[in-house]
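What follows is one structure encoded as structure tokens, with my remarks underneath.
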Amino acid sequence: MRLSKKLCGFLVLFVPLCLLCFHIYTKPASVVNVWNREVPKGLLDQTVFQPSEKLSHIPFKWKDEVLQLLPKNSCKCEAEATLNIPFRQELFGKPYAVDFASAVSVSQLNETKRRRDEEYKKFKMRHHNPTDVLIIAKANSPLEYPTQGVEVRPLKTVIIPGLSLQDFLKKVYKVSLSANKGTFNIAAEVEGVTVKGAGEERITLSSPNMDNLNRQLQFVSYTNTIFHPNTADIVQFQSDEHLATFHIKIRHPTVPKMYDTGSSNTKYNISALVTIATKTFLRYDKLQNLIDSIRKFYPTVTIIIADDSENPQKVEGPFIEHYIMPFGKGWFAGRNLAISQVTTKYVLWVDDDFIFSPRTKIERMVDVLERTTLDLVGGAVREITGYYTTYRQKISVFPGGKEGDCLMTRQGYHHTINGFPNCVVTDGVVNFFLARTDKILQAGFDPRLSRIGHLEFFIDGLGILHVGSCDDVIVDHASKIQLPWSKTETDKEYAKFRYPKSSDNSMVLRHILFYFKNRFKCMTGN
């Protein structure tokens, strides 16, 4: 009984003491609304063209040739009119226009639009950065401030450089700074300067001596108080009669992902720099021809194979990795799997029916990526007829308002690359390319595209991938010319999956993804 009383007494004293210690030494967590970003408005609002009262009476005349170049919020997809000349379609392709909304059933269209609008609103809130906001500096301001280059780590402190006031003679000079994601303070105190609001979101500094005030401004600090890994705070710097705005970037440093390729007697150690990746389905004879051709020129380069055949066969050999997938999992899913296993700096994507030749110089592609800012460089694919293609595509997106944007693809490129006369900058290339592994993983391949898909990868990569194309690195394509009676059962089975019938929903799915995922209303191209 006494023992029970002692135990109860101990617990009565011990438990409150533990709770008290926990309360004292545990820092309370701040509660932050991570959706504190407003939905961004258009970066170039029409009010920019509205004149002030002082200028409203001045006449002007629009220049149509310039207006046609400006982005509009009501794009349309119309097939371009072309001259009817012989072999025009074979040489230049057939212009087309596709309305993606037609891929959605009429009964589901309104509900699909509603869900798409909701997702797009969330997308803009996630991806909008305060530095995207249009800021116009007023003329003849006495305020000096940094226009860019101020950066602070999340929840850390930085001195704001370049703050100064160059004003006319006054009895008292006063400035203030305000922000909404952090607080201001001073790292040192200057005589003759009054500071109010230190440690708060708004700080005011005043002095009868402008030099003293400017000296104090050299010690103003900013501390970020709302955590976000990559955002910005808009700072307002104000005097009695003037207001200036600038931003402070708030972000973690970009952590490098570097690859140690070891020492080499040659300029580029291709085996240490490059992994070759491919996706195969049924065609083991062609896959073996590809492997044999690679080994003639690159005997120690790792080859990664993603295979979704129904009855997979073993593919073995030195420096070969063979990954089995569920049957018919698909084209882009196979790309994702193969590239996810790459551990080298670069990955070379090839189709399983390609054949390496003396003109398939991986070193040239590596040289381009090593000496430029490109993320991906395509080569050329040569058919048995002698014709070869680079499939260079220029991809553009035009604003289209509430119904969605317009996608336009055109054959061609933007400009040549200095130092590489056979190489150009473009947006999409053929199915034979060398890419930085980390960047291609960042863009990714949509696994829902199981049978049809190529350009979709480059469309998803717009703004992520810096793409080039070189026509002096050439890989051969196994002959597709087959007489009907020479086709094997494997060839016939492969054709069923590779070339789906019109009743197959692969193309419909492709259009639905463009409509909902990418928010395109239509597409034009040739």
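Points to keep in mind about this one:
- Boolean, VAL255 is touching a Leu at 6+ places or on another chain (Cβ under 6 Å) and of a type in the set (A, V, I, L, M): no
- On inspection, THR385 fails the criterion of being in the same structural domain as ILE417 (by TED's automatic domain parsing), at pLDDT 95 or above and not basic (Lys, Arg).
- From the options GLY444, GLY419, GLY428, GLY463, residue that is among the small types (Gly, Ala, Ser), modelled with pLDDT of 90 or more and over 23 Å from the mean Cα position of the chain (by Cα): GLY419
- Segment 192-251: number of residues that are within 37 Å of the chain's Cα centre (by Cα) and among the acidic types (Asp, Glu): 3
- Annotation: LYS286 fulfils all but one of (1) modelled with pLDDT under 95; (2) loosely packed, with under 13 Cβ neighbours inside 10 Å; (3) on the phi < 0 side of the Ramachandran plot; the unmet one is (2).
- Scanning segment 97-115 for residues that are closer than 13 Å to LEU513 by Cα and acidic (Asp, Glu) yields a single hit, ASP99.
- Only residues that are touching a Pro at 6+ places or on another chain (Cβ under 8 Å) and surrounded by 17 or more Cβ atoms within 10 Å (Cβ to Cβ) were counted across segment 205-228, and they come to 2.
- PHE100 meets all of the listed conditions (1) loosely packed, with under 12 Cβ neighbours inside 10 Å; (2) at pLDDT 90 or above but one, namely (1).
- Selection from segment 398-418 of residues that are among the basic types (Lys, Arg) and surrounded by 14 or more Cβ atoms within 10 Å (Cβ to Cβ): ARG410
- Yes/no for LYS174 being among the charged types (D, E, K, R), assigned to a strand (DSSP E or B) and either under 26 Å from the mean Cα position of the chain (by Cα) or not assigned by TED's automatic domain parsing to the domain that holds HIS511 (or both): yes
- Filter pass, LEU287 being of a type outside the set (Phe, Trp, Tyr), part of a helix (DSSP H, G or I) and within 23 Å of LEU465 (Cβ to Cβ): no
The values are calculated or read from the model by the stated rules, or taken from the named source; none is laboratory data. Computed from a prediction, not measured in an experiment: that's the story for all the values here. FYI the Cβ positions are ideal-geometry reconstructions off the backbone, even for glycines, and counts take in every protein chain you see.
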